Amino acid sequence: MENELRQKAKELLESGQVKQVIGYEDGSTAFKSTPCFASSPEDADRLVWNPTCVNNLAVYLPSAVKQGKVAVAVKPCDGRSVVELIKEHQINRDDVVTMVVPCPGVLNPDALADIDPKTIKNIEWKGDGISVTTDSGEISIPREKAFLDKCLSCTLTDPAVTNIKLGDSPERSPLKDKDAAIAEYEKMSVDERRVFWAKEFTKCIRCYACRQACPACYCKECFVDKNGQVWALKSTDPEANWFFHMTRAMHLAGRCIGCGECERSCPMGIPLTLIGRTLEKDVEEMFGSGAGQDPDALPILGSFDLTKDPDPCPE
Amino acid sequence: MEAKVIAKSDIGAWMKGLADKCDVIAPVKDGDVSAFKKIEDFGTLSIDLPTPTVKGLREQFTPETETLFEYKLTGQQAELTSDTAAQKDRLIFGVRACDAAALKYTDAVNANCEPKDALYFAKRKQTTLVGVCCTTPAWSCFCTEIGDFLANPIMMDLYLTDIGDKYYAEALTPKGETLIGASQFQAATDADKQAAESAKQKVIAALPSPIDHAEKGKDFDWDDPMFTKLAEKCLACGACTFLCPTCHCFDIQECAQGSKGSRYRCWDTCQFEKFTLMGHGHNPRPSKNERTRQRVFHKFKYSPERYGILGCVGCGRCITACPVNIDIQRVVHKLEADK
Ligand code: SF4
Ligand code: SF4
Ligand code: SF4
Ligand code: SF4
């Protein structure tokens, strides 16, 4: 698969069809990969595709397309971010070539908890799960432990903006219900949820890694960064943190594709995807469709359909 | 200075004794992350000592948000109040050698201006630090490349080394000597001393060898093409710098509510686009190229030139926190090889 990816990337770069290919390359340790920006056919040899390729590379597209056409390696989930970016007019469909990689699931770092990280030499897909090569031999980790939660419930097929399909999508049924996590959450009363989030948001240090890693957070100037007319306090008081997160959540309603990059990037371990998924479920229930499906659809909160949409001013 | 031993099982009782005189702060588990918190219940003491904690000591001396003063307006009359009331003395337990070493740097920075940072130094003065030598370094730790403070700790009062069911306790300051005067501490034997020495050597052996980064930093290439590469992938967030124990930059903001309000400072970082944006619209570090260079150059080139010490203690926090795997140790090695 990796060879096929490199080959395609080379062709695209050699023929001048694209200015650069955004993919993954080996990171500073065997259990992390890092985004790779290949602009020459030689660079393409560095591309990798393995369970450590967790990042949603769509985050780079709005700025990358400014230098010319871009090819990007996307997992089916990340592909939905590309759909959103096109739908929201942040990139032109013609400026991006999506290379959809077949994805059995990506690494859940907790899977490595019992392994001395310094001994890890390689991680690859094997059987249903992954195989970790260490100094003292090979360790197989089964699917339910190896992959992120979002992967265990994933039912996604090729995104609507697929240009190049690499390999065959692995056939498998989800192991978990997509809403298992929020089912628990929804058992809480409104007051209990308030207490839950108040506690989580106290941890927030306002590093904005969540926002910066999010492909849907592309605003030129975030409301929280406004300096002249201050919209939101920069302080980390519970109320100010609450305001930042709730406003961000509202700005993402109907647009969050659930890639989980916000939560993965948060150094403080705040369960941010719970917000996105809860909102997404509401949007699906109210509007009958969700984010990242149809690049020609109108953004849900950016349009109003008298015949279908819920009455904004009910009696 | 003097050294004694204390049984691990006596740590709780010892701390409880101290709590009469000061706040006792130690790393405890809060959900998935360990954080330094004031210990209230010494009965169910559950200290979590990861290497290192997610956040270091920065917030203990420069809180994420710190009120500078509050004001109240009555007609044309403004009344200013600032919360200078002395806080309680405190003891921080479970400090890692790298985090203590970082205080040497932040002390230098905060003393290098007039007036000196009073809020910071007031807290420094009121704090006693009890360090614990690491036993299992994280994959990202490289403190031994920076300095020898793991074996020869600095900036702390007492240093504990795990020797089985007890700690070998070295007093490093008069404050530390007073601490080991408590009844829970017993005389150390030669065997204890040797056990501590070999425990230290064992952990050091698992870490990288020293490098004279300060010397090598002198020749860093301002135009190193690597920065364009890093800038491409850097997300310009604050994860690396907000977790860094030596980073110290802050923003000053105001919060006005009718006739009253406050001025506060909160953490800021050179990785944010607006950090260097001037009032008239010019930004001397307009792109991520300049900003990624700033972080590395500030720590490994400007700081040795300005204060005679590196602005990095090798704690590895920025390495594990970076969502795109920008690894400062690799970056610095590459810069040193490129020059
Ligand atoms: S909010 Fe989080 S899960 Fe949703 S698109 Fe953004 S990064 Fe992905
Ligand atoms: S990444 Fe986490 S700590 Fe940083 S701003 Fe977002 S929620 Fe807060
Ligand atoms: S630069 Fe990174 S490794 Fe160095 S002290 Fe800061 S967080 Fe630790
Ligand atoms: S944590 Fe990584 S992505 Fe974020 S600013 Fe630092 S180097 Fe850039």
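Take A:150-159, B:277-286 and order them by the average number of nearby Cβ atoms within 10 Å per residue, most first; the result is A:150-159, B:277-286. For the range A:1-126, the alpha carbon convex hull comes to 103 Å³ per residue, rounded to a whole number. For the range A:179-315, averaging the sequence separation of C-alpha pairs within contact (under 8 Å, six or more residues apart) and dividing by the residue count gives a relative contact order of 23 percent. The mean number of partner chain beta-carbon atoms within 10 angstrom of a residue's beta-carbon across peptide A:261-268 is 5.
3J(HN,Hα) along the range B:127-136, derived from phi through the Karplus expression 6.51 cos²θ - 1.76 cosθ + 1.60 where θ = phi - 60°, amounts to 10, 9, 10, 10, x, 10, 5, 5, 10, 10 Hz, with x in place of Gly and Pro.
What you get for chain A, charging only the Cβ of Lys and Arg (+1) and of Asp and Glu (-1), is a dipole of about 680 debye around the Cα centre.
One quarter of the convex hull surface built on the alpha carbon atoms of the range B:90-185 amounts to 7.3 nm², the projected area averaged over directions. Using a probe of 1.4 Å on the protein chains alone, the accessible area found for residue B:139 is around 60 Å². Taking the convex hull of the alpha carbon positions in chain A and averaging its projected area over all directions gives 18.8 nm².
For residue B:128, the residues whose modelled amide H falls within less than 5 Å of its own, excluding neighbours fewer than 5 places apart on the same chain, are B:90, B:91, B:92. In percent, rounded to a whole number, the relative contact order of the range B:32-107 is 23, using alpha-carbon pairs under 8 Å and six or more apart.
May I ask which of B:55/B:125; B:16/B:38; B:37/B:116 have a Cα-Cα span longer than 18 Å here?
From B:55/B:125; B:16/B:38; B:37/B:116, over 18 Å: B:55/B:125; B:37/B:116.
In bins 20 Å wide, starting from 0, what share of all Cα pairs of chain B does each bin hold, as a percent? Over chain B, the share of Cα pairs per 20 Å bin runs 28, 54, 17, 1 percent.
Between residue B:122 and residue B:278, the modelled label-to-label distance comes to 3.4 nm, taking each label 7 Å out from Cα in the direction of the beta carbon. Excluding same-chain neighbours fewer than eight residues apart, the lysines reachable from residue B:72 by a Cα-Cα span under 16 Å are B:260.
Cross-link pairs exceeding 29 Å in C-alpha to C-alpha distance, out of A:118/A:150; B:123/B:233; A:234/B:29; B:166/B:301; A:75/B:229, comprise B:123/B:233; B:166/B:301.
Along the range B:322-339 the Karplus relation, 6.51 cos²θ - 1.76 cosθ + 1.60 evaluated at θ = phi - 60°, assigns HN-Hα couplings of 5, x, 10, 6, 7, 10, 4, 5, 5, 4, 5, 4, 5, 4, 5, 6, 6, 4 Hz to successive residues, with x for each Gly and Pro. Averaged over peptide B:249-262, the number of partner chain Cβ atoms lying within 10 Å of each residue's Cβ comes to 1.
Taking the Cα atoms of the range A:158-252, the ratio Rg/Rh between the radius of gyration and the Kirkwood radius comes to 1.10. Put simply, the amide H of residue B:166, placed in the peptide plane, has neighbours under 5 Å in B:8, leaving out anything fewer than 5 places away on its chain. Inverting the pair-averaged 1/r between distinct Cα atoms of the range B:9-77 gives 14.6 Å as its Kirkwood hydrodynamic radius.
Once the 1.4 Å probe is applied to the protein heavy atoms, the protein assembly as shown comes out at 46 Å² accessible per residue. Cβ-Cβ distance of residue B:219 and residue B:136, R₀ of 45 Å, FRET efficiency by 1/(1 + (r/R0)^6): the value works out to about 0.80. Using protein chains only (no ligands, no nucleic acids) and a 1.4 Å probe, work out which residues of the range A:46-71 have their accessible area cut by at least 40 Å² relative to the chain alone. Going by heavy-atom accessible area, the residues of the range A:46-71 that drop by at least 40 Å² are A:60.
In the range B:132-224, which GluC sites (Glu not before Pro) fall in coil by DSSP and have 13 or fewer other Cβ atoms within 10 Å? Mind dumping the intermediate values first?
Values: sites: B:145, B:170, B:177, B:197, B:215; in loops: none.
Hits after loop and neighbour filter: nothing returned.
The alpha-carbon of residue B:274 sits under 16 angstrom from the alpha-carbons of these aspartates and glutamates, leaving out residues fewer than 8 places away in its chain: A:221, A:225, B:251, B:290.
Estimated from helical segments only, the mean residue ellipticity of chain A at 222 nm is -8500 deg cm²/dmol, where each DSSP H run of four or more residues counts as -39500 (n - 2.57). In sequence order, the range B:241-257 has phi-based couplings of 7, 6, 8, 6, x, 9, 5, 9, 6, 9, 10, 10, 10, 10, 10, 9, 10 Hz under the Karplus curve 6.51 cos²θ - 1.76 cosθ + 1.60, θ = phi - 60°, and Gly or Pro positions carry x.
Cross-link reach is defined here as a Cα-Cα straight distance under 13 Å, omitting same-chain residues fewer than 8 places apart; for residue B:88 the aspartates and glutamates meeting it are B:20, B:23. Take the accessible area of chain A alone and of chain B alone, subtract that of the pair, and you get about 3100 Å² summed over both chains, using a 1.4 Å probe.
Can you compute the equivalent ellipsoid semi-axes for the range B:213-338, i.e. the square root of 5 times each eigenvalue of the Cα gyration tensor, sorted largest first and rounded to whole Å? Numbers along the way, then the final one.
Working: eigenvalues 163, 52, 44 Å².
Each semi-axis is √(5λ); the values are 29, 16, 15 Å.
Both the radius of gyration and Dmax for the range B:134-284 are 22.8, 67 Å, in that order, over alpha-carbon atoms.
Scaling the Cα radius of gyration of the range B:4-205 by the globular reference 2.2 N^0.38 Å produces a ratio of 1.14.
Computed over the alpha-carbon atoms, the range A:179-315 gives an Rg to Rh ratio of 0.97, Rh here being the Kirkwood radius from the mean inverse distance.
For residue A:27, the residues 5 or more places off, or on other chains, whose built amide H falls under 5 Å of its own are A:32, A:33, A:34. Computed over the range B:133-209, the quotient of the alpha carbon radius of gyration and 2.2 N^0.38 Å is 1.15. Placing one equal scatterer on every Cα of the protein assembly as shown and applying the Debye formula, the log10 ratio I(q)/I(0) at q = 0.06 Å⁻¹ is -0.37.
The values are calculated or read from the model by the stated rules, or taken from the named source; none is laboratory data. In this text, all values refer to a predicted model and were calculated from it rather than measured experimentally. Note that each Cβ is placed from the backbone with ideal geometry, even for glycine, and that neighbours are counted across all protein chains shown. Only protein heavy atoms, including side chains, enter the accessible area calculation; ligands, DNA and RNA are left aside. Shrake-Rupley method; radii C 1.70, N 1.55, O 1.52, S 1.80 Å.
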